[in-house]
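Bear in mind that the values in this text are calculations on the coordinates, not laboratory data. Owing to the predicted nature of the structure, the values given are computational and were not obtained by experimental measurement. When we count neighbours, we look across all protein chains shown, and the Cβ atoms used for this are built from the backbone with ideal geometry, even at glycine.
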Amino acid sequence: MPREYTAALEEVLSLRLSDDDIRRKEVRSALAKIAGLVAQLSEGLTKDREEFVRSEYLRDEDQQRAYLLYYTTTNLLKLWPPLRELSRSGFFAGYEELRHLDLGTGTGAAIWGLATYLAREQPSITTLRSQASDKLSRNLRTVERFASAFKSGLDLRMSTSLMDLGALAVDKGTQQFDLITLMNVLAEVDESYDAEIISFIEQSLAEHGATIMVEPASREVSRRALRFRDRMVASGFYVYSPCCRNGSCPALEDEDNWCHTEIPWQRPNFIRIVDDIAGTLRLSLKATYSVFLRQDTNLSDIFLEHRDFSSAGRVVSERFDEKGRYRAFICNDRGRREYVMNKRDKSATNRLFSKVARYDLVELRDIEVRGHDVKIGSEAVVNVLRNAEGSKNVYN
Ligand SMILES: C[S@@+](CC[C@H](N)C(=O)[O-])C[C@H]1O[C@@H](n2cnc3c(N)ncnc32)[C@H](O)[C@@H]1O
């Protein structure tokens, strides 16, 4: 983990989390207590979701502590792959100072994710002005405390605003931001408010700004996020990544489908201890994300001479290695289609298909589009434009 994050976490929780410290009895028992609360949070956020979210669980001091230790730690790095993809467009090059708004900030995962990323990968940005917003003032106070403890090379200037995304009509702001993040908040907000959230984003985003949504990867909430994606597109925004299409999301056409990335990470030992006790497991980081721009620019444009949403595609499933063939689902203007390559057809030009992984950005030419699938024959050309290494974060 980025050390400035862990150091601030230790200070705010008054708990030492190094590998040596977590062997001590008192630290073990503090982690065991937190793990009990994480088990409750995990159950609430998956099984009895609606009722649990209505209970405003982060009002409770102990639950907020557990959320901060476990969920903020396992969420912040999920912002890095979309930020890295965005940086390929030259997005960060024009800024020395970045104005950022985080909606539904909770204990600030998106802020710590952005600040750790900028400090390491965008050294020309020296100042980050982050505005944390949430409907709970307790969260804003915790984020302020965390920001005071967060010491990195970046000049982090925090402000907070109490904002209910379900009552934006009265709160509408006119401040302009270069980057707006929504992280695991749409999952808690009724979809009937999406139109107002989107018009708020339209008003608050600078002309060349970006909005990044990162939501959970489980089917129901991922689909909810994809519907928000479609509403952003219908309002005139473009999805810069991960999609290679401007239309609506084809995963929504079949109610058994959804779409998410999976990011390898090095699980900290204090998270492993909590996982072992709580029965949770974070061996990788999964998320449904979208990067939205006002301009029609796509990540694939950076790699291809001309826009081509039928040749560029995003791998949206794992790769299935079967007897005699490889299969993967790939999404672009053609929809979310199954691509199949017989092992006997493997050639010098298509062999990379036998290696593709979830969320690789690929280029496919000379393929055979059939009724129920797309065949990658021996003549086909398969290139990996940006492999999952791009997401292979994550900072160790
Ligand atoms: C699951 S937490 C996510 C926190 C943080 N963004 C993260 O990814 O770890 C959801 C957050 O959304 C906030 N929230 C829920 N409904 C909201 C609303 N109507 N307006 C603003 N914030 C809301 C909650 O208070 C909570 O802090």
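Just to confirm the number: angle between the C-alpha axis of helix 109-121 and the first principal axis of the chain, 0 to 90 degrees, nearest 10?
70 degrees
Please go through the stretch 142-212 and write out the trypsin sites (Lys or Arg not before Pro) that DSSP classes as loop and that have at most 13 other C-beta atoms within 10 Å. Spell out each step's value before the answer.
Numbers: sites: ARG145, LYS151, ARG157, LYS172; in loops: LYS151, LYS172.
Loop-located and lightly packed - LYS151, LYS172.
Determine, from the Cβ-Cβ distance of ARG28 and ARG219 and an R0 of 35 Å, the FRET efficiency 1/(1 + (r/R0)^6), rounded to the nearest 0.05. Could you put the intermediate results ahead of the total?
Details: r = 35 Å, r/R0 = 1.01.
Here the calculated transfer efficiency is 0.50.
Could you work out how far apart the two model spin labels at SER192 and ASP333 are, taking each label as a point 7 Å from the Cα in the direction of the beta carbon, and quote it in nm?
Output for this residue pair reads 3.9 nm.
Which far-off residues, 5 or more places away or on another chain, put their amide H under 5 Å from the one on GLY377, with H placed in the peptide plane?
GLU368
Given H placed 1.01 Å from N in the peptide plane, which residues other than close sequence neighbours of THR160 have an amide H under 5 Å from its amide H?
Answer set, sorted by chain and number: ALA132.
Cα axis of helix 219-234 to longest principal axis of the chain: angle in degrees, 0 to 90, nearest 10?
The angle comes out at about 70 degrees.
Using the Karplus curve 6.51 cos²θ - 1.76 cosθ + 1.60 with θ = phi - 60°, work out ³J(HN,Hα) for each residue of the stretch 325-332 in order, rounded to whole Hz, and write x for Gly and Pro.
7, 10, 9, 7, 9, 10, 10, 6
Can you work out ³J(HN,Hα) from phi for every residue in the stretch 77-90, in order, using Karplus 6.51 cos²θ - 1.76 cosθ + 1.60 and θ = phi - 60°, giving whole Hz and x for Gly and Pro?
6, 5, 7, 4, x, x, 5, 5, 5, 4, 5, 4, 7, x
Long-range amide H contacts for THR181: which residues qualify at under 5 Å (H placed 1.01 Å from N, peptide plane, sequence gap of 5 or more or a different chain)?
HN-HN under 5 Å from THR181: LEU101, ASP102, LEU103, ILE212.
Restrict the search to the stretch 257-324; then list the trypsin sites (Lys or Arg not before Pro) that DSSP places in a loop and that have at most 13 other Cβ atoms within 10 Å of their Cβ.
On the way: sites: ARG272, ARG282, LYS286, ARG294, ARG307, ARG314, ARG319, LYS323; in loops: ARG282, ARG294, ARG307, ARG319, LYS323.
Passing both the DSSP loop test and the Cβ count: LYS323.
If you restrict to DSSP beta bridges whose two residues both lie in the stretch 3-297, what percentage is antiparallel, to the nearest 5?
Antiparallel bridges: around 35 percent, rounded to the nearest 5.
Give me a comma-separated list of calculated 3J(HN,Hα) values for the stretch 198-212, in order, Karplus coefficients 6.51, -1.76, 1.60 applied at θ = phi - 60°, integers in Hz, x for any Gly or Pro.
Rounded to whole hertz, the list is 5, 6, 5, 5, 4, 6, 9, 8, 4, 3, 9, x, 10, 10, 10.
Please list, by residue number, every one of the GluC sites (Glu not before Pro) in the stretch 288-372 that is coil in DSSP and has at most 14 other beta-carbon atoms within 10 Å.
Numbers: sites: GLU305, GLU318, GLU322, GLU338, GLU363, GLU368; in loops: GLU305, GLU318.
Here the GluC sites (Glu not before Pro) that fit, given the DSSP loop and packing criteria, are GLU305, GLU318.
Just the number, please: Stokes-Einstein D of the chain in µm²/s, Kirkwood Rh from C-alpha pairs, 20 °C, 1.002 mPa s. Kindly include the intermediate steps, with their values, before the conclusion.
On the way: Rh = 21.9 Å.
Approximately 98 µm²/s, per Stokes-Einstein.
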